[in-house]
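Okay, so here's the structure we're looking at.
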Amino acid sequence: LPPGQRPHWVLADDSGLLVDALGGEPGVRSARYAGPGATDRDNNRKLLAALAGVPRERRGAEFVCALSLVEVPARPQMPAEEVLTAEGRCRGEILLEERGEGGFGYDPLFLVPALERTFAQITQEEKNELSHRGRALKALRARLGSLQSGPLKA
């Protein structure tokens, strides 16, 4: 936006990986699981180490995405008003080792049982359809019709 202009709407996304055998860890700390400045590979190594010795049937996991669409008030001193929220989830399991070259983050470890492939092995179209973020966006899109004003009105 040009200086001095404010957006009319803001969309926020928070996603995380919840691993059953770890009591929901890494959860909200998924991006920083191995510490500040950790790489995806660092986080994956730490996750595999935490699950060492855990059998396949106990390696269930779930990606969760929460979205919030907020209307920005005309004046900064006014409180923001939350307009819509949506959530998406995708169940899977954590493998013993990485598979696939695509995606990012925990994608090479997250197996989608129905496909017997990881998020790193599927196409972008498949991931958009199945992923937690794709499902959250679909849910949010379905709710957009409830907006009565603003530039998002169809």
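The values are calculated or read from the model by the stated rules, or taken from the named source; none is laboratory data. Just so it is clear, the model here is predicted, and its values are computed rather than measured. Because the Cβ atoms are built from the backbone with ideal geometry, glycine has one as well, and the counts that use them run over all protein chains shown. Heavy atoms of the whole protein, side chains included, go into the accessibility calculation; ligands, DNA and RNA do not. Shrake-Rupley method; radii C 1.70, N 1.55, O 1.52, S 1.80 Å.
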| said: Among Pro108, Pro55, Pro79, which one shows the highest mean-square fluctuation when the chain is modelled as a Gaussian network with alpha-carbon springs under 10 Å? | reply: Pro79
| How long is the gain from Arg58 to Thr85 if the chain were fully straight, where each residue apart is worth 0.36 nm and the alpha carbon distance is subtracted? | 6.6 nm
| So what's the angle, to the nearest 10 degrees on a 0 to 90 scale, between helix 40-50 and the longest Cα principal axis of the chain? | 50
| query | Loop-only check: which GluC sites (Glu not before Pro) in the range 59-116 are DSSP coil with at most 14 other Cβ within 10 angstrom? | reply | Glu97, Glu101, Glu116
| remark: With T = 20 °C, eta = 1.002 mPa s and Kirkwood Rh from C-alpha pairs, the Stokes-Einstein D of the chain in µm²/s is about 124
| note | Most fluctuating of Ala21, Ala114, Ala38 in the GNM of the chain (C-alpha, under 10 Å) is Ala114
| note | For the chain, the longest principal axis of the Cα atoms and the Cα long axis of helix 132-143 enclose an angle in degrees, to the nearest 10, of 30
| request: For the range 1-104, with all protein chains present and a 1.4 Å probe, just round the carbon and sulfur fraction of the accessible area to a whole percent. | output: 53
| field | Among Leu51, Leu11, Leu69: highest mean-square fluctuation, GNM of the chain, C-alpha pairs under 10 Å | value | Leu11
| So between Lys138 and Arg32, what do we pick up on full extension, going 0.36 nm a residue minus the alpha carbon distance? | 35.4 nm
| task | At most 15 other Cβ atoms within 10 Å plus a DSSP loop assignment makes a site exposed; report the longest stretch of the chain without any exposed trypsin sites (Lys or Arg not before Pro). | result | 30-152
| task | Provide, for q = 0.13, 0.28 Å⁻¹, the log10 of I(q)/I(0) from a solvent-free Debye sum over equal Cα point scatterers in the range 37-92. | result | -0.62, -1.09
| remark: Once both label points are put 7 Å beyond Cα along the C-beta direction, the Val70-Leu1 separation in nm becomes 1.2
